[in-house]
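Written out below as C-alpha cells is the structure these notes cover.
The values are calculated or read from the model by the stated rules, or taken from the named source; none is laboratory data. Given the structure is predicted, the values throughout are model-derived calculations rather than measurements. Reconstructed Cβ throughout: ideal geometry from the backbone, glycine too, with neighbour counts over all protein chains shown.
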4 protein chains.
Amino acid sequence: MKNLNGTILIVLITIFNVFGQLPDRKFDIDEVTAIVITDPQNDFLSPEGVTWGVVGKSVEENNTVENIEELFKLAEANGIKVFVSPHYYYDHDHEWKFEGALEKLMHDISMFDRGDQLNKKGFKGSGADWLEQYKKYIDKDFVTLVGPHKIFGPEQNDLSLQLRKQKIDKVILAGMSGNLCVEAHMRELIEDGFEVAVVGDATASAILPGLDGNAAAQTNFKMISSHVYSTEELKNDLKNKK
Amino acid sequence: MKNLNGTILIVLITIFNVFGQLPDRKFDIDEVTAIVITDPQNDFLSPEGVTWGVVGKSVEENNTVENIEELFKLAEANGIKVFVSPHYYYDHDHEWKFEGALEKLMHDISMFDRGDQLNKKGFKGSGADWLEQYKKYIDKDFVTLVGPHKIFGPEQNDLSLQLRKQKIDKVILAGMSGNLCVEAHMRELIEDGFEVAVVGDATASAILPGLDGNAAAQTNFKMISSHVYSTEELKNDLKNKK
Amino acid sequence: MKNLNGTILIVLITIFNVFGQLPDRKFDIDEVTAIVITDPQNDFLSPEGVTWGVVGKSVEENNTVENIEELFKLAEANGIKVFVSPHYYYDHDHEWKFEGALEKLMHDISMFDRGDQLNKKGFKGSGADWLEQYKKYIDKDFVTLVGPHKIFGPEQNDLSLQLRKQKIDKVILAGMSGNLCVEAHMRELIEDGFEVAVVGDATASAILPGLDGNAAAQTNFKMISSHVYSTEELKNDLKNKK
Amino acid sequence: MKNLNGTILIVLITIFNVFGQLPDRKFDIDEVTAIVITDPQNDFLSPEGVTWGVVGKSVEENNTVENIEELFKLAEANGIKVFVSPHYYYDHDHEWKFEGALEKLMHDISMFDRGDQLNKKGFKGSGADWLEQYKKYIDKDFVTLVGPHKIFGPEQNDLSLQLRKQKIDKVILAGMSGNLCVEAHMRELIEDGFEVAVVGDATASAILPGLDGNAAAQTNFKMISSHVYSTEELKNDLKNKK
C-alpha cells in the first residue's frame, strides 16, 4: 500500500537476513527493573516432578535449573528485587467444567496440587513446593511471592500490582515453562505497559512429538520482547554496570 | 513426587507418542459460540501490504485469504455471529517511549496507520482497510466490529465485553497474524474464561531467518486451545449439525 | 442535542419523580446465577475487629451479620454456588511505596494481616479469619474460596475465572464493606460482562464525619447494578421459584 | 482482635473527628504525572445534552464546565500531558442482551450515539461531540484521545497502556460523571497501580430523588484516592512549583 514503506521494509528484511535476527531493542537495567520467575517448583524442575518426562530434555539442554539459580544469585548481589509467580491448583479447580488441552493434562496428572490456600497439609516436598535449592533465596526479603496464577498468565494474580506498588517499570523474565507460563507472563506484562526482557536459557518447555514447545517459546520471545538475554550475557551486563 | 501420577503421565506420554498429538478437547458448536477474526486487513493479507515480504509465503501456503473468507461464509450461512478485532495505529502511538521488537517494526513501516479514531482521511484502500473481498461480509449485521487492539491482545479493546453482552461463551478464532495477534487473543480469551478453538489454516505468520512464526503459532494453538480445526473440518462439522 | 430524546428523557425523569427510583432491571435467578460474598471476616464484622469503631453502627443498622448468614443458608437450601473473595495483607504488602487514603489506614491498623500465603501462624481467630458463625458454611462444598483481592476489587484474584469455569453468568453480591470492596466487585464484574444484583442490607460501610460510606454505596448500587435486593425480598423470590 | 491496633484505631478515629476528614496522602505533581478527563462531551455538559435534566444542577453548583476548562489551561501552561477517555455508543451496542440500571437509561436516551468507529456521519455538534469550548485544547498535541470506554471504566480501552507508554505513574482525574465514569476510572487506575488524585469540583453527577450521585462520588473520592483537590488548590499548587 505504501511504496516508500515497502522500501523501508526491504531494508529491514535485509537486516534480518544479514544478522539472522530482529533488530534488538535497548534494555537498560536500572533501579526500576525487577526479575520475575514463574513456577520454580518441583513438578517442572525436579526429575521426580510429574512433567519431567516431557520437559526434562529441554531443562537439561538449556541448563535451566542452574540458570534460574544464577538469576537469584545475580539479583541478590545486585540489589534487584525478585517476584515469584507460582502455580497452585486447589481442590475446587478440579471441578472446572471446561479446560484447554494442557490445562486438562495438568489437572489429570495432579500437577501443582494443594488442598486450598488455607491448607498446607502435604505441601512440603510436594510437586507444588519450590525446588529445594531455591528455598534459601525465596525465603529472603529480596524475593516477593505473589498469588498463584490459575491458567498460564498473571491475569488472576497480583503480580502487576505488586510490581507497580514498588514503582517497577521493567521486568527480566524467566522460569517454567517457556511457551506456557513464561510466554503468557511476557505477553500480559507487555499489554500492561511493562518493558520486558526474557532470559531464554533460564526457561525450558515441553517437547512432544511434532510439538516443540521450546522452539515456539524462543521464537516468540525474540519477536515480542524487548530483548532476549542468555544467562551469561545478563551476568556480564550486570558486571559491567558496577 | 507422585508415583501414581508418574504412571498416569507415562500413559499420557504413550498416547502422545501413538497419536502424535495432545488428547483433544471436545468443542461443541452451539448457540453461545461466535467466530472472532483478528486483523483481516490489507497490510497483512494483500500482496501490496507492508508485511507481505515476511508473511506472504505463510499466507499462500496456508491458503489463509480463502480460508478466512470461508469462515465469513460459514458464519452467515449458519447464523453464527462474527466479531472482528482490528489493528489501527494512530499518530500518538508513534510517540510511545518504548516498544518490543515487532511493535517497533510495525511502527517503523507505518503498518495499520490512521490519523486518529475521528479521522478517516486516506483510510479507504489503505493498509489499515479491510481486504477488499471481505468488505461485503463485514458490512452486514452478523459482524460486530470491536475497538482496535493496540499491541497484540484484546486487553485494550471491548472484545470480551461485546461477546459477553451477547451471552457468548465459546469462540472459534482465526485471522492474522498467527503467533502475534491470533495467539494473543487465544491466550487472553482463555484467561477471561472463554472456551477457545482455533482454525489453524485460517491464520498465517511471519517467517524470518531462524524464526518460524507459523510453527510457533501452530504448536501453541495445539497445546493451549480446546481444539484446532482446519477450515475443511469446521465446514464438515457445521454441515453435520444441520 | 436530540430533541426527540429530550422528550423521552423528560418522561424518564417523571418516572423517577413518581417512583422515587430508577427503572429496575429484571434479574432472573437461574442455574447460571451464583452468590459472591466479599470479606466475611472478623476485622469487619466482629465487635473486636479493628474497624468496628467506624463500621459497627452501619453493620448493626443494616443487620448485616445476620443477613450475610441468611445468604449462606439460602444458597445451600437452593443449590446456589457461593464464591467468597477474601482480603488478606501479607508482610510484603506493608512495603508498598504508595497507597490511597483507606489503603493506608488499613495497613496502619494491621487489618487482615497474615504473614504470607504459605503461613497460617496466628491465623485462627485473627482479624483475617472468618466470622466464627460463617465457618460451618464456608467449609462446605457449595462454597468456593477464591484468592485474596489486594486493594478493593477482584482485578488481582481469580474470582471472574472461577465463576466462568462454572459457566456462571449472573452474580448476587453482598459482604463488606459496601462502598469499598462490594462496590468495587460490582463495578468490575459488570465490566467483565456479568449481570450483577446486590443485596443492599447484606452490606455495611464505614461512616466517618462528613463521609457516609453506606449512603454512597446504596446510591451507586441502585444506579449501576441490575437490581438491588433486600435479604427479605431475595428470600421471597427464591421461595416463589420453588 | 488486635488490642494494640485498637488503640491506634482510636487515635485515627480521633483524627477524623478533629479534622473532619481522612488523613490525606501526599500527592506530588512531577514529570510522571498526567491529567485524565472523562467524557467532556455535550450530552453531559451542554444544557442541550440529553442528561442535563439530571446532571445540570450539579454541573452548575460545582462550576464543572469552567473547572474542566481550567484543567486544560493549567496542563498546557505547565507541560502536563492530558488524556481524554470518551464515551461513544455504536449501533451494535444497542443490541446488548442485558444492562445495569443507568446503562439501560443511557441507551434509551441515545446518549453518546455514533454509528460506528468508522462512521462520523452526524457527529459534529452531536451529543457525542466535545463541548465546543474544549475543542481548541483537545485538538492540540498535549492531549491524547484514547479509545472509548463502553460501560463506565477504562477496562475496555487503552487508557492505562497509553499512560504507561509515556512512563506516566500518577494521574490527576476529573470529568463526567462523578460517581459513574470518573469514579470507575479512579478505581480501575488504582487497581492498575497508578497513584490517583481527583479534582472534586471538576466533576458533577446525576442527582435523582433519593439518589445523590454527587455526594456518593465525593465520599468515595475522599476514601479511595490519594488526594482530592479543588481546582483552585491545584492551580495554587502548580503556581508554587514554578
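Quick notes on this structure:
- Subset of region A:195-213 (residues that are assigned to a strand (DSSP E or B) and closer than 20 Å to B:N220 by Cα): A:V198, A:V199, A:G200, A:D201, A:A202, A:T203, A:A204, A:I207, A:L208, A:L211, A:D212
- When restricted to residues that are under 12 Å from the mean Cα position of the chain (by Cα) and within 30 Å of C:D169 (Cβ to Cβ), region B:167-224 contains 22.
- Counting the residues of region A:216-228 that are closer than 23 Å to A:V54 by Cα, at the interface with another protein chain (Cβ under 7 Å from one of its Cβ atoms) and of a type outside the set (S, T, Y) gives 2.
- Of all residues in region A:32-79, those that are within 14 Å of another protein chain (Cβ to nearest Cβ), part of a helix (DSSP H, G or I) and out of contact with any Leu (no Cβ under 7 Å at 6 or more places or on another chain) total 7.
- For region D:84-139, a residue qualifies if it is within 20 Å of the chain's Cα centre (by Cα), more than 9 Å from chain C (Cβ to nearest Cβ) and not in a helix (DSSP H, G or I), and the qualifying residues are D:V84, D:S85, D:P86, D:H87, D:Y88, D:Y89, D:F112, D:W130, D:L131, D:D139.
- Restricting region D:147-166 to residues that are within 14 Å of the chain's Cα centre (by Cα) and of a type in the set (A, V, I, L, M, F, W, C), the residue that is nearest to the other protein chains (Cβ to nearest Cβ): D:I151
- Restricting attention to region C:31-76, the residues being over 19 Å from C:L238 (Cβ atoms), surrounded by fewer than 22 Cβ atoms within 10 Å (Cβ to Cβ) and acidic (D, E) number 3.
- Every listed requirement among (1) among the acidic types (D, E); (2) within 23 Å of C:P209 (Cα to Cα); (3) crowded, with 24+ Cβ neighbours inside 10 Å is met by D:D212 save one, (3).
For (1) on the phi < 0 side of the Ramachandran plot; (2) at pLDDT below 95; (3) of a type in the set (A, V, I, L, M, F, W, C); (4) buried (at least 24 other Cβ atoms within 10 Å of the Cβ), each residue gets a yes or a no:
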residue	(1), (2), (3), (4)
D:I168	yes, no, yes, no
D:G178	yes, no, no, yes
D:L189	yes, no, yes, no
D:D192	yes, no, no, no
D:A204	yes, no, yes, yes
D:L208	yes, yes, yes, no
D:I224	yes, no, yes, yes
D:T231	yes, no, no, no
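- Here A:T231 meets each of (1) without any contact (Cβ under 8 Å) to a residue 60 or more places away in the chain; (2) away from chain D (no Cβ under 14 Å); (3) more than 12 Å from the chain's Cα centre (by Cα) with one exception, condition (1).
- Condition broken by C:N220, with the remaining ones in (1) under 21 Å from C:T144 (Cβ atoms); (2) in contact (Cβ under 8 Å) with a residue 12 or more places away in the chain; (3) not hydrophobic (A, V, I, L, M, F, W, C) satisfied: (1)
- Of all the criteria given as (1) without any contact (Cβ under 8 Å) to a residue 40 or more places away in the chain; (2) crowded, with 21+ Cβ neighbours inside 10 Å; (3) not hydrophobic (A, V, I, L, M, F, W, C), the one not satisfied by B:D141 is (2).
- Test: residue in region B:178-190 that is part of a strand (DSSP E or B) and within 14 Å of chain C (Cβ to nearest Cβ): no
- Residue match in region D:1-10 (condition: touching a Ser or Thr at 6+ places or on another chain (Cβ under 8 Å), crowded, with 18+ Cβ neighbours inside 10 Å and either more than 9 Å from chain C (Cβ to nearest Cβ) or modelled with pLDDT of 55 or more (or both)): no
- Number of positions in region D:31-61 that are within 26 Å of D:F142 (Cα to Cα) and either in contact (Cβ under 8 Å) with a residue 24 or more places away in the chain or touching a Pro at 6+ places or on another chain (Cβ under 8 Å) (or both): 16
- A:R164 vs. criteria of a type in the set (D, E, K, R), under 26 Å from B:G153 (Cβ atoms) and buried (at least 21 other Cβ atoms within 10 Å of the Cβ): yes
- Residues of region D:201-217 classified as of a type outside the set (S, T, N, Q) and in contact (Cβ under 8 Å) with a residue 60 or more places away in the chain, total: 7
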